[in-house]
Amino acid sequence: MHSARLPSSDGYRTGLRRSPGADRGALVRFLSENVFPFHVIPRPTAEDANRAIEAGHYDGREHATLWARDPDGTIIGVVRLDDLDDDTPMVDLRLAEAQRGRGLGAKVLAAATDYVFSTMPITNRFEGQTREDNVAMRRTFLRCGWVKEAHYRDGWPIEGQAPLASVAYSVLRRDWESGTSTPVNWDDDPEVAALSR
């Protein structure tokens, strides 16, 4: 069985801070002043951001938002956690445009993983999805020891274009605790495997 060592968050764990309601203006600015080309809404306006916050998509029983800061305190991104009432929360990681391409995505994802498993005892697995063409995020998941679990063909809508595949990754609590990655056994039934060839 193959396993890979999970990376540490290199000081970024302390950089994740819950975004209280007082940070609403900063969150609206962050969302509306950056472009997120691989999200369903790539260029949210301030109105879009305010509407999403009002609808409870960034805080509440099922959602939490964390500021990602570098060790000096500079905001580098936002981590939104969804489905917190379930044992498999979802991650939405957004880095500021100026912070991309520096390897910070892996540090922030590792910190978010530490946060989830350290503070949410019912969580057994932590999941994220991205578009098939978001190569940087797909590599980030793998660098952090997450395992690809699904490839949903035509699962990601894109306004004015044909949909792309949504690719799902997750990390298990036991892998986080042991520092390893357990691969998916795709060919667990030889007869089924033979039919899919």
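I'm checking my understanding of the structure. Among residues of segment 116-135 that are among the aliphatic types (A, V, I, L, M) and surrounded by fewer than 14 Cβ atoms within 10 Å (Cβ to Cβ), which one is farthest from Arg100 (Cα to Cα)?
We begin by selecting, within segment 116-135, every residue among the aliphatic types (A, V, I, L, M); these are 116, 120, 122, 135.
Filter again for surrounded by fewer than 14 Cβ atoms within 10 Å (Cβ to Cβ), leaving 122, 135.
Values: Ile122: 32, Val135: 13 Å.
So the residue we want is Ile122.
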Note on segment 96-135: residues within 22 Å of Pro42 (Cβ to Cβ), free of Cβ contacts under 8 Å to residues at least 40 places away in the same chain and either of a type in the set (Gly, Ala, Ser) or outside any helix (DSSP H, G or I) (or both) are Ala98, Arg100, Gly101, Arg102, Gly105, Glu132
Residue selected from segment 51-82 under the condition within 23 Å of Val135 (Cα to Cα) and among the small types (Gly, Ala, Ser), by the criterion modelled with the lowest pLDDT: Ala68
From the residues in segment 52-81 that are crowded, with 18+ Cβ neighbours inside 10 Å and of a type outside the set (A, V, I, L, M, F, W, C), which one is nearest to the chain's Cα centre (by Cα)? Arg80
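One line per residue, one yes/no per condition, for (1) farther than 30 Å from Pro42 by Cβ; (2) at pLDDT 95 or above; (3) surrounded by 17 or more Cβ atoms within 10 Å (Cβ to Cβ); (4) not hydrophobic (A, V, I, L, M, F, W, C):
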| residue | (1), (2), (3), (4) |
| --- | --- |
| Met137 | no, yes, yes, no |
| Cys144 | no, yes, yes, no |
| Ala162 | no, yes, no, no |
| Ser166 | no, yes, yes, yes |
| Ser170 | no, yes, yes, yes |
| Asn185 | yes, no, no, yes |
| Ala193 | yes, no, no, no |
Residue pairs meeting the criteria (Cβ under 6 Å; at least 6 apart or on separate chains; first in contact (Cβ under 8 Å) with a residue 60 or more places away in the chain, in segment 137-148; second assigned to a helix (DSSP H, G or I) and small (Gly, Ala, Ser)): Arg143/Ala106; Cys144/Ala106; Cys144/Ala110
So Asp86 passes all but one of these: (1) in a helix (DSSP H, G or I); (2) out of contact with any strand residue (DSSP E or B) (no Cβ under 7 Å at 6 or more places or on another chain); (3) surrounded by fewer than 20 Cβ atoms within 10 Å (Cβ to Cβ). Which condition number does it fail? (1)
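Taking the conditions exactly as written (modelled with pLDDT under 90 and not small (Gly, Ala, Ser)), does Asp48 satisfy them or not? Steps first, answer last, please.
Working: modelled with pLDDT under 90: no; not small (Gly, Ala, Ser): yes.
Answer is no for this residue.
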Test: Asp133 is more than 15 Å from the chain's Cα centre (by Cα), modelled with pLDDT of 95 or more and closer than 20 Å to Leu95 by Cα: yes
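Scan segment 159-197 for residues that are assigned to a strand (DSSP E or B) and without any contact (Cβ under 8 Å) to a residue 60 or more places away in the chain and jot them down.
Scanning segment 159-197 gives Gln161, Ala162, Pro163, Leu164, Ala165, Ser166, Val167, Ala168, Tyr169, Leu172.
For every residue, the table says whether it meets (1) of a type in the set (D, E, K, R); (2) modelled with pLDDT of 90 or more.
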residue	(1), (2)
Leu6	no, no
Asp10	yes, no
Arg18	yes, no
His39	no, yes
Arg94	yes, yes
Ala98	no, yes
Just one of the numbered conditions (1) surrounded by 20 or more Cβ atoms within 10 Å (Cβ to Cβ); (2) within 26 Å of Phe36 (Cβ to Cβ) is not true of Ala150; which one? (1)
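The values are calculated or read from the model by the stated rules, or taken from the named source; none is laboratory data. Bear in mind that the values here come from a model prediction, so they are computed numbers and not experimental data. Backbone-built Cβ (ideal geometry, glycine too); neighbour counts: all protein chains shown.
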